[in-house]
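Have a look at the structure below before the remarks.
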Amino acid sequence: QQPVQSPQAVILREGEDAVINCSSSKALYSVHWYRQKHGEAPVFLMILLKGGEQKGHDKISASFNEKKQQSSLYLTASQLSYSGTYFCGTESNSGYALNFGKGTSLLVTP
Amino acid sequence: DAGVIQSPRHEVTEMGQEVTLRCKPISGHDYLFWYRQTMMRGLELLIYFNNNVPIDDSGMPEDRFSAKMPNASFSTLKIQPSEPRDSAVYFCASKGRGRLSGANVLTFGAGSRLTVL
């Protein structure tokens with residue numbers, strides 16, 4: 001079942017912060033975050049496994065609340081290169097396929 | 001590592017014609033997935049394989065779609081006959097242990113953009 005992402009779109013000025021949310025109606029084993037630039041393939045950002053661990057690299061981090069079946073992606077001090085569409089993919093059990101949300105379009109302007 | 005390789009990158013065909021999309025996964029990855037991306041539906045899972053065996057094909061739209069994985073390094077997605085509503089970008093992805101995360105993550109191919117006239 002497809003997870004629900006919000007917001008659908010966001011426009012930021014360079015340096016501003018953003019939060020993208022992902023929620024599922026099913027119990028989750030893991031949540032994956034991907035970013036897709038226009039005309040390109042989605043690229044892996046990070047994975048969060050059961051346990052609620054918050055992960056991050058550079059100025060992008062994410063959290064996973066397995067009880068609420070929700071994950072959030074945090075982008076701080078956004079850069080122009082952050083523009084793209086962000087997808088969360090959810091896995092209900094190890095070895096299953098990822099179901100992706102419809103994506104959140106992020107545009108960072110100068 | 002060349003990544004996941006898909007061909008063709010672009011295909012324009014007429015309604016009723018057969019379309020075959022090809023995919024070479026990353027060596028050593030034992031899962032292979034076919035996704036379809038459209039503006040309306042986003043990324044939809046069509047079918048996936050584990051060790052060359054189809055595990056779940058419930059996302060395949062109808063009998064016009066078929067997928068095979070004859071060996072660990074090759075898979076095809078076939079549409080016969082094609083219809084205009086099949087126009088989309090078709091992604092192949094394989095799953096294996098990520099270099100940085102150490103967990104099993106998807107690596108996507110560049111996609112095949114299909115236009116059916």
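The values are calculated or read from the model by the stated rules, or taken from the named source; none is laboratory data. Given the structure is predicted, the values throughout are model-derived calculations rather than measurements. In this analysis, Cβ positions are derived from the backbone assuming ideal geometry, glycine residues included, and neighbour counts consider all displayed protein chains. Just the protein is used for accessible areas: all its heavy atoms, side chains included, with ligands, DNA and RNA removed. Shrake-Rupley method; radii C 1.70, N 1.55, O 1.52, S 1.80 Å.
Okay, here's what the table says:
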{"item": "Pair list, Cβ under 7 Å, 6 or more apart: the range A:1-25 residue within 14 Å of another protein chain (Cβ to nearest Cβ) and within 12 Å of A:L106 (Cα to Cα), other residue of a type outside the set (F, W, Y) and open to solvent by less than 50 Å² (accessible area, probe 1.4 Å)", "result": "A:Q8/A:T104; A:A9/A:T104"}
{"item": "Test: residue in the range A:99-108 that is touching an Asp or Glu at 6+ places or on another chain (Cβ under 7 Å), away from chain B (no Cβ under 13 Å) and at pLDDT 90 or above", "result": "yes"}
{"item": "Selected residue (criterion: modelled with the lowest pLDDT) from residues of the range B:91-106 that are part of a strand (DSSP E or B) and within 7 Å of chain A (Cβ to nearest Cβ)", "result": "B:V105"}
{"item": "Residue tally, condition part of a loop (DSSP other than H, G, I, E, B) and either at the interface with chain B (Cβ under 10 Å from one of its Cβ atoms) or within 16 Å of B:A93 (Cβ to Cβ) (or both), over the range A:33-51", "result": "4"}
{"item": "Sole exception among (1) assigned to a loop (DSSP other than H, G, I, E, B); (2) out of contact with any helix residue (DSSP H, G or I) (no Cβ under 9 Å at 6 or more places or on another chain); (3) away from chain A (no Cβ under 11 Å) for B:G3, by number", "result": "(3)"}
{"item": "Pairs, first more than 26 Å from A:F44 (Cα to Cα) in the range B:1-16, second open to solvent by less than 100 Å² (accessible area, probe 1.4 Å) and assigned to a loop (DSSP other than H, G, I, E, B), C-beta under 7 Å, six or more apart", "result": "B:T13/B:S82; B:M15/B:S82; B:M15/B:E83; B:G16/B:P81; B:G16/B:S82"}
{"item": "Qualifying positions in the range B:28-50 - of a type outside the set (A, V, I, L, M, F, W, C) and either within 16 Å of the chain's Cα centre (by Cα) or closer than 18 Å to A:F100 by Cβ (or both)", "result": "B:H29, B:D30, B:Y31, B:Y35, B:R36, B:Q37, B:T38, B:R41, B:G42, B:E44, B:Y48, B:N50"}
{"item": "Residue tally, condition open to solvent by 60 Å² or more (accessible area, probe 1.4 Å) and in contact with a helix residue (DSSP H, G or I) (Cβ under 9 Å, 6 or more places away or on another chain), over the range A:59-106", "result": "1"}
{"item": "Filter pass, B:E62 being open to solvent by 20 Å² or more (accessible area, probe 1.4 Å), touching a Ser or Thr at 6+ places or on another chain (Cβ under 8 Å) and among the acidic types (D, E)", "result": "no"}
{"item": "Segments classed as strands (runs of 3 or more DSSP E), wholly inside the range B:38-77, with at least 2 members that are within 18 Å of B:V19 (Cβ to Cβ) and within 13 Å of chain A (Cβ to nearest Cβ)", "result": "B:42-50"}
